[in-house]
1. Buried (at least 23 other Cβ atoms within 10 Å of the Cβ) and not acidic (Asp, Glu): which single residue out of THR62, THR109 fits that description?
2. Please verify whether region 72-84 includes one or more residues that are within 17 Å of LYS272 (Cβ to Cβ), under 20 Å from the mean Cα position of the chain (by Cα) and crowded, with 22+ Cβ neighbours inside 10 Å.
3. Assess whether ILE232 counts as being β-branched (Val, Ile, Thr) and under 13 Å from the mean Cα position of the chain (by Cα).
4. State whether one or more residues within region 131-143 are touching a Lys or Arg at 6+ places or on another chain (Cβ under 7 Å), under 21 Å from PRO73 (Cβ atoms) and either of a type in the set (A, V, I, L, M, F, W, C) or crowded, with 22+ Cβ neighbours inside 10 Å (or both).
5. Hey, LEU245 hits all of (1) buried (at least 20 other Cβ atoms within 10 Å of the Cβ); (2) touching a Phe, Trp or Tyr at 6+ places or on another chain (Cβ under 9 Å) but one; which does it fall short on?
6. Taking GLY107 as the residue in question, decide whether it is assigned to a helix (DSSP H, G or I), under 17 Å from the mean Cα position of the chain (by Cα) and in contact (Cβ under 8 Å) with a residue 24 or more places away in the chain.
7. Can you find a residue that is free of Cβ contacts under 8 Å to residues at least 24 places away in the same chain, more than 20 Å from ASP190 (Cα to Cα) and surrounded by fewer than 20 Cβ atoms within 10 Å (Cβ to Cβ) anywhere in region 251-271?
8. Which members of region 186-206 meet the condition of being surrounded by 21 or more Cβ atoms within 10 Å (Cβ to Cβ) and part of a strand (DSSP E or B)?
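The values are calculated or read from the model by the stated rules, or taken from the named source; none is laboratory data. Just so it is clear, the structure is predicted and the values come from calculations on it, not from any experiment. Using ideal geometry, Cβ is built from the backbone for each residue, glycine included, and neighbour counts are taken over all protein chains shown. Only protein heavy atoms, including side chains, enter the accessible area calculation; ligands, DNA and RNA are left aside. Shrake-Rupley method; radii C 1.70, N 1.55, O 1.52, S 1.80 Å.
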Amino acid sequence: MSDGKQITGHTVLTGLLGSPVAHSISPLMHNEAFRLLGLDYVYLCFDVGTDGLQTAVEGLRTMHARGFNLTMPDKKLMCRFCDRLSKASQLCGSVNTVVNDDGVLTGYTTDGIGYMDAARDAGYELRGRTITVLGAGGASTSICTQAALDGVRRIHVFNRPGRSYDSMAQLAERLTAATDCKVTIADTADEEALRASIAESYMLINASSVGMAPLEDACLIRDPAVLKPPLIVSDIIYHPEQTKLLRLAEENGCRTFNGLYMLLYQGAAAFKLWTGQDMPVLQIKELYFRR
């Protein structure tokens, strides 16, 4: 908001749809960024699940909201209600950011952008590299999609057989056909394949929920000996700050980073889409993302 205190008749609406959303840090991050840049915008949270999503989206379209984010369980369903989709959203079938241009809704996925920017923030450039990704859920699909679009050479994905595995196998085919990246998927239980994949990888990324509550003491890597320099180990989980995977990697001498800044940079990408301006990430980091 322009002065950080008052909503005016000109205030531009943005927000977050999902369920639950009350815990989200996004309103703090975006509203502070609006204040710092003197923008007459506001960001609010709306607890909307899949049953009410279409009605809520049409309401926001009609009210000329500038745009909105989506979190679980709404990301995949939102693809149906957009008039246009970014290339990344077309490929991975997920939308977490919508821009409303005079009633035309364009869907984007900034989760993968957030991860790639967080990796660069940590000092790592993945272009031309080989990476191994654990998990095949929504976060993994967004990361793999953006990584392929950004020039990663090869992606090895590991997941247990099931619906997510099958969906990722289809995505792997699409990404391999649409980009210069070769994407494959294998069963996490295939320890020989996992070991070989990690050995040739620049970075290992845990994009699964294994390592956060109630699985804080779990790790998808059964043999910590595969975690050795120069491998870089990343986890999209940031609570706890250090998962078991990251602890084992550090004990073996690997460089590591968690998913805290992925949250920051996916928000920064959405902010730029809505406002055309760069989020003041250094100030937002200092306020809400201290390590």
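1. THR109
2. no
3. For ILE232, the condition - β-branched (Val, Ile, Thr) and under 13 Å from the mean Cα position of the chain (by Cα) - is not met.
4. yes
5. Evaluating LEU245 over (1) buried (at least 20 other Cβ atoms within 10 Å of the Cβ); (2) touching a Phe, Trp or Tyr at 6+ places or on another chain (Cβ under 9 Å) leaves (2) as the failure.
6. Considered against the rule, which asks whether it is assigned to a helix (DSSP H, G or I), under 17 Å from the mean Cα position of the chain (by Cα) and in contact (Cβ under 8 Å) with a residue 24 or more places away in the chain, GLY107 comes out as no.
7. No, region 251-271 has no match at all.
8. Those that are surrounded by 21 or more Cβ atoms within 10 Å (Cβ to Cβ) and part of a strand (DSSP E or B): MET203, LEU204, ILE205, ASN206.
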